[in-house]
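Below: one structure, written as structure tokens.
The values are calculated or read from the model by the stated rules, or taken from the named source; none is laboratory data. Just so you know, these numbers come straight off a predicted model, no measurement behind them. Neighbour counts are summed over all protein chains in view; Cβ atoms, including those assigned to glycine, are modelled from backbone coordinates with ideal geometry.
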Amino acid sequence: MSDNNIKPSNRATQVESFKVMDVLRRANQLEAEGRTIYHCEVGQPESGAPKTVAQAAVTALTGDANQSRLGYTDAFGLVELREKIAEHYKEKYSLPADKEVGADRIVVTTGSSGGFLLAFTACFDAGDVIAVASSGYPCYRNIGGALGLELANVPINEEFKLTANELRKEVDERKASGKKRIRGVILSSPSNPTGAMLSVTELKDMCELCEKKASGFSLTRSTTVSVMTKKRQLPCHLVDPINTLQQNMFINAPTISQTAAIQCWEPETIAELETHVAKYRKSREFILKQLDSISEIKSIAPADGGFYVYIDLGEELVCRERDWEV
Ligand SMILES: Cc1ncc(COP(=O)(O)O)c(C=O)c1O
């Protein structure tokens, strides 16, 4: 059979590339050719894993039979890790007994990207409309597109946020023009790329709007994707579908990562991570101060919750062509 007979699916050819990764690929090529590259493209921590976590990964890989952990775990992840995550939620958010999230509602996924794939597949059917922020993490759109979801692009407000006000406007406009109703909304706080965070009141307003029948969708199907090794808090009725999807799509999140993540709550780990946060805080303050002195910059997102900064350069400074291609 010739290679030409293997045609890519429409969904594969229609999905947009993740531009950050295009830039990274080109930067890596140039680096391999001997050019000096300062990587500003991918938003990722520059500090490595805390020592305790790294050591646990080494032990899981090279330890003796009692210590090494290389096989599969439950599809939902190691019970010990999920119990620690449940405990973390309880303590960090001072949850009352009736609001506690049990370990049985936590699934450890392969990155939050794996979490989105599971959550979108479990919550929506092809043809469903999901609302996304006009300036948001691009893969929400692209994963949604690959799954056959339709997108409602909701413009963010002056504070770089998607709040209930913007969503309500979109819902009303769609209703008035007879468009399909929105089935779900994808929110991230802090947002990437803007770094803006929703306040407690803004989150409550959003939940209230989503719970109203008239808005056409309901947050009763909400899931939380949190970034750590990534953990998700599942509504009870999604537990079985997500279990089945995870079994089939990923089997389980990497066992070594899960084993290492158990160390995340050790006092030594927390102390080390706090030094990383302090360092990022200092860098962010420095960058924001420097940017403030550049007159061409029209406005800067608040960067409340990120270690990245989102800037409005205005039309005239935007490079529309692939000028970065050397
Ligand atoms: C909002 C958001 N979601 C998801 C991801 C991807 O995360 P992961 O590496 O956990 O898949 C990123 C990465 O930058 C992100 O900013």
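Does Asp125 fit the bill of being without any contact (Cβ under 8 Å) to a residue 60 or more places away in the chain, surrounded by fewer than 21 Cβ atoms within 10 Å (Cβ to Cβ) and within 15 Å of Leu245 (Cβ to Cβ)? So Asp125 passes the test.
If Gln44 meets every condition in (1) touching a residue at least 60 places away in the same chain (Cβ under 8 Å); (2) in a loop (DSSP other than H, G, I, E, B); (3) over 15 Å from Thr259 (Cβ atoms) apart from one, which number is that one? Condition not satisfied by Gln44: (1).
The lone criterion from (1) modelled with pLDDT under 95; (2) surrounded by 16 or more Cβ atoms within 10 Å (Cβ to Cβ) left unmet by Asn157 is number (2).
Applying the criterion of being farther than 27 Å from Thr194 by Cβ and surrounded by 12 or more Cβ atoms within 10 Å (Cβ to Cβ) to the residues of region 1-48, the residue that is nearest to the chain's Cα centre (by Cα) is Arg11.
Residue pairs whose Cβ atoms lie under 6 Å apart, sitting 6 or more positions apart in sequence or on different chains, and linking a residue in region 130-142 that is in a helix (DSSP H, G or I) to a partner that is of a type outside the set (Val, Ile, Thr) and more than 12 Å from the ligand (Cβ to nearest atom), are Arg141/Leu151; Asn142/Glu16.
All conditions but one from (1) closer than 23 Å to Pro241 by Cα; (2) buried (at least 18 other Cβ atoms within 10 Å of the Cβ); (3) away from the ligand (no atom under 16 Å from the Cβ) apply to Ala56; the one that does not is (1). In the set (1) crowded, with 22+ Cβ neighbours inside 10 Å; (2) modelled with pLDDT under 95; (3) of a type outside the set (Val, Ile, Thr), Leu149 fails one condition alone, (2).
Within region 50-64, not a single residue is at pLDDT below 90, of a type outside the set (Gly, Ala, Ser) and not in a loop (DSSP other than H, G, I, E, B).
Within region 77-129, how many residues are of a type in the set (Ser, Thr, Tyr), touching a helix residue (DSSP H, G or I) at 6+ places or on another chain (Cβ under 9 Å) and within 16 Å of the ligand (Cβ to nearest atom)?
Let us first name the residues in region 77-129 that are of a type in the set (Ser, Thr, Tyr), namely 89, 93-94, 109-110, 112-113, 121.
Within this subset, residues satisfying the condition of being touching a helix residue (DSSP H, G or I) at 6+ places or on another chain (Cβ under 9 Å) are 93, 109-110, 113, 121.
Going one step further and asking which of them are within 16 Å of the ligand (Cβ to nearest atom), we end up with 109-110, 113, 121.
Residues flagged as of a type in the set (Ser, Thr, Tyr), touching a helix residue (DSSP H, G or I) at 6+ places or on another chain (Cβ under 9 Å) and within 16 Å of the ligand (Cβ to nearest atom) within region 77-129 amount to 4.
Hey, among the residues in region 16-41 that are of a type in the set (Lys, Arg) and either assigned to a helix (DSSP H, G or I) or in the same structural domain as Arg281 (by TED's automatic domain parsing) (or both), which one's farthest from the ligand (Cβ to nearest atom)? Step through it out loud before you land on a result.
Taking region 16-41 as the starting set, the residues that turn out to be of a type in the set (Lys, Arg) are 19, 25-26, 35.
Applying the additional criterion that residues be either assigned to a helix (DSSP H, G or I) or in the same structural domain as Arg281 (by TED's automatic domain parsing) (or both) yields 19, 25-26.
Values: Lys19: 13, Arg25: 16, Arg26: 19 Å.
Result: Arg26.
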